[in-house]
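A short worksheet on the structure shown next.
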Amino acid sequence: MANGERSATAARRRRRAVVAGAALGGCALFAASAAPAAAEGAGHGRDLTYVALGDSYTSGPAIPRQVDANCARSDHNYPSLVAAERPVSTFKDVSCAGATTAEMWKAQGTNDPQLDALNRDTGLVSVQIGGNDVGFGTIIGTCARLGSQDPAGNPCERYYGSSGFDQLTLTIARTAPRIDRVLRAVHARAPRARVLVVGYPDLLPDDGSGCYPSLPFAAKDFPYLRDTEKRLNLMLRLVAAWDGAEYVDTYGPTRGHDMCKAPADRWIEPLQPASPAAPAHPNAKGERAMADAVLARLDGAGHDRY
């Protein structure tokens with residue numbers, strides 16, 4: 001290997017180590033101080049091109065009106081609501097249910113790679129990704145299956161910690177460099193854009209209480225899973241800061257409207273939805289709440305809460 005190649009490889013390894021270390025250790029101050037400046041003046045003005053990237057929490061599966069069957073995308077998801085309330089000249093929503101960070105670079109069904117929607121004229125980008133890299137669906141299925149075996153205990157936490165180290169914490173740390181790579185690609189393709197990294201909303205009671213058997217997790221696994229989601233959001237916030245993007249907190253604004261609440265009060269549907277939405281996903285009220293969080297950040301009023 002030539003000296004130049006060795007240097008480049010070493011630099012990439014150092015960057016991955018720093019990003020993963022921030023995700024594990026919560027080095028917010030370091031990440032914030034290391035972040036490059038955001039694109040000055042981006043995301044403002046009347047001739048604004050807005051591109052939304054993301055997974056099913058962005059696309060809004062089952063929420064009327066569905067406009068892309070391949071990606072389960074609603075025209076009342078939060079990017080559509082944001083675009084309707086801002087002077088956007090061009091709006092491209094390429095979010096797609098099931099997307100991981102890999103789908104930023106590769107086609108998903110009939111849809112092109114999500115990053116292909118960006119160009120040098122893009123002025124605003126929102127990105128909500130990482131949940132599928134961590135394995136939201138698998139985690140929920142596993143913990144629901146184990147919950148019935150020990151409803152008063154923490155079988156899910158024990159399962160993911162059986163190796164002596166919490167596997168979900170490790171998975172989140174391993175996802176951090178993937179988020180970093182996505183954000184660097186966004187900046188490279190849309191160098192003038194204001195980039196918003198959108199966190200995930202409050203899925204479970206923030207006080208650690210449960211609602212078994214309505215949501216079939218064991219009692220002590222509710223706080224474990226709550227903390228896992230908070231750890232994911234913290235990682236996203238830190239990587240956003242490292243890469244000169246802005247973090248949009250959606251956990252705080254949706255607190256108290258989780259899957260355990262009554263149908264009239266919840267913004268995240270449980271495993272058997274009562275309102276149009278995918279299981280364990282935001283309903284129309286949840287998408288509205290995330291849109292409001294994005295709008296608040298655009299207006300400079302957003303807060304980082306995790």
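I need the full set of residues from the stretch 44-54 which are within 17 Å of the chain's Cα centre (by Cα) and either on the phi > 0 side of the Ramachandran plot or surrounded by fewer than 24 Cβ atoms within 10 Å (Cβ to Cβ) (or both), in order please. Walk me through how you get there before you give the answer.
First pass over the stretch 44-54, keeping only residues within 17 Å of the chain's Cα centre (by Cα): 51-54.
Passing the criteria: only Gly54.
Among (1) over 30 Å from Ser275 (Cα atoms); (2) surrounded by fewer than 24 Cβ atoms within 10 Å (Cβ to Cβ); (3) in contact with a Cys (Cβ under 8 Å, 6 or more places away or on another chain), there is one condition Ser214 misses while meeting the rest; what is its number?
Condition not satisfied by Ser214: (1).
Conditions tested, residue by residue: (1) at pLDDT 95 or above; (2) more than 20 Å from Leu234 (Cβ to Cβ); (3) buried (at least 21 other Cβ atoms within 10 Å of the Cβ); (4) out of contact with any Gly (no Cβ under 9 Å at 6 or more places or on another chain).
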| site | (1), (2), (3), (4) |
| --- | --- |
| Thr122 | yes, yes, yes, yes |
| Val125 | yes, yes, yes, no |
| Ile129 | yes, no, yes, no |
| Gly137 | yes, yes, no, no |
| Gly141 | yes, yes, no, yes |
| Ala152 | yes, yes, no, yes |
| Arg158 | yes, yes, no, yes |
| Phe165 | yes, no, no, yes |
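Against the definition (of a type in the set (Lys, Arg) and buried (at least 21 other Cβ atoms within 10 Å of the Cβ)), how does Arg194 come out, yes or no? Even if it seems obvious, please write down each step before you answer.
On the way: of a type in the set (Lys, Arg): yes; buried (at least 21 other Cβ atoms within 10 Å of the Cβ): yes.
Yes; evaluated as a whole, the condition is true for this residue.
Taking Arg194, is it at pLDDT below 95, charged (D, E, K, R) and either more than 16 Å from Ile63 (Cβ to Cβ) or out of contact with any Ser or Thr (no Cβ under 9 Å at 6 or more places or on another chain) (or both)?
Numbers: at pLDDT below 95: no; charged (D, E, K, R): yes; either more than 16 Å from Ile63 (Cβ to Cβ) or out of contact with any Ser or Thr (no Cβ under 9 Å at 6 or more places or on another chain) (or both): yes.
No, not satisfied.
Each row is one residue, and each column tells you yes or no for (1) surrounded by 23 or more Cβ atoms within 10 Å (Cβ to Cβ); (2) among the aliphatic types (A, V, I, L, M); (3) touching a Gly at 6+ places or on another chain (Cβ under 9 Å).
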site: Ser162; (1), (2), (3): no, no, no
site: Ala173; (1), (2), (3): no, yes, yes
site: His187; (1), (2), (3): no, no, yes
site: Asp206; (1), (2), (3): no, no, yes
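Could you check how many residues of the stretch 56-88 are part of a loop (DSSP other than H, G, I, E, B), under 12 Å from Ser126 (Cβ atoms) and out of contact with any Asp or Glu (no Cβ under 6 Å at 6 or more places or on another chain)?
1
Is the stretch 73-81 home to any residue that is of a type in the set (Asp, Glu), over 18 Å from Met290 (Cα atoms) and modelled with pLDDT of 95 or more?
Step one: of the stretch 73-81, the residues of a type in the set (Asp, Glu) are 75.
Okay, now just the ones that are also over 18 Å from Met290 (Cα atoms), so none.
The answer is no, given that none of the residues of the stretch 73-81 is of a type in the set (Asp, Glu), over 18 Å from Met290 (Cα atoms) and modelled with pLDDT of 95 or more.
Of the numbered conditions (1) farther than 14 Å from Thr58 by Cβ; (2) surrounded by 20 or more Cβ atoms within 10 Å (Cβ to Cβ); (3) in contact with a Cys (Cβ under 8 Å, 6 or more places away or on another chain); (4) not aromatic (Phe, Trp, Tyr), Leu118 satisfies every one except a single condition; which is it?
(3)
The values are calculated or read from the model by the stated rules, or taken from the named source; none is laboratory data. Computed from a prediction, not measured in an experiment: that's the story for all the values here. We place every Cβ from the backbone using ideal geometry, glycine too, and count neighbours over all the protein chains shown.
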